[in-house]
């Protein structure tokens, strides 16, 4: 029996969710799409051969009440993620929530607690964890091939112009989005924290709005992170690169290993050096590199496969709600450090993008 699936939000990222469902069609069935703008629903359904059995809703609450789907994905404006998620969970739906999982830690905690209470799967859509390159690097981390990590670095050097923000007025607002770090950079911030041991003790940061005076939030963020295991991290995120996206890279430096992932969305292994030399580095680069057509990569399909399996076998998702919360916490700690001009100690019990309204 297939899981009955509905997509809530039919914007920029929605086609990747539809494709992921189609690629897992033996175990999941698309029964509904929901968006307040009907044209958006029709556009996102273009690749689907027969849409006659797919319901369209402009109100997700009606969809939940009438169809009671087994699995929903939330791909709306970030500021609506938490409220929609709580309604979905209360309706008994397992969830995939686009990044960021929420815009406040209080909301993220409520989502996690409700999913646990209801026995439902909650997945944060950090699909880059499923990149072939990232999975290979994670394998090396878990095998301790680095001989102890010393420091890591995440660089997101991208371009976003005024037209991008005009396409959707919620972008760059504190209430619905946040800035470059929360929107464009959170995937790589998630990878850095995950690879470096997850537990963070302190963050020091600067953020600024240098080029985009028509948005509320930052277009540049620079941070130093101290991990509980004694390692350090560097984060550089910007949407000010001229004239187009330059790169997204992740570096890991250990006592006995050096790795660099790069490409459009950390989808290539560009450096692979270990003291044990158990394989040919050029062969690794060739085997575990991908060339996706855009920055979203190929990760949605395996992420969906994992969530479907998690629902069927009643286990947590590979990228669960707590992972989404950790990525959110990192960005909010950076924002708070930059706003106060002081180091911020983690863990944080509560923080929200709304703290920073009027920051620039």
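The values are calculated or read from the model by the stated rules, or taken from the named source; none is laboratory data. Everything numeric here is computed off the predicted structure, so don't read it as measured data. Please note: Cβ atoms are built from the backbone with ideal geometry, for glycine as well, and neighbour counts cover all protein chains shown.
Points to keep in mind about this one:
- Restricting attention to the stretch 101-125, the residues that are more than 18 Å from the chain's Cα centre (by Cα) and in a helix (DSSP H, G or I) add up to 8.
- Of the strands (runs of 3 or more DSSP E) lying entirely inside the stretch 244-360, those containing at least 1 residues that are under 29 Å from residue 74 (Cβ atoms) span 247-254, 257-262.
- Taking the stretch 170-226 as the range and being under 21 Å from residue 129 (Cβ atoms) and surrounded by fewer than 17 Cβ atoms within 10 Å (Cβ to Cβ) as the test, the residues that pass are 197, 198, 199.
- Filter pass, residue 41 being part of a helix (DSSP H, G or I), modelled with pLDDT of 95 or more and either more than 19 Å from residue 300 (Cβ to Cβ) or more than 25 Å from the chain's Cα centre (by Cα) (or both): no
- Single residue of the stretch 130-152 satisfying the filter (assigned to a strand (DSSP E or B) and in contact with a helix residue (DSSP H, G or I) (Cβ under 9 Å, 6 or more places away or on another chain)) that is farthest from residue 233 (Cα to Cα): 149
- Selection of the stretch 50-82 for residues being exposed (fewer than 15 other Cβ atoms within 10 Å of the Cβ) and touching a residue at least 24 places away in the same chain (Cβ under 8 Å) yields 58, 59, 61, 65, 68.
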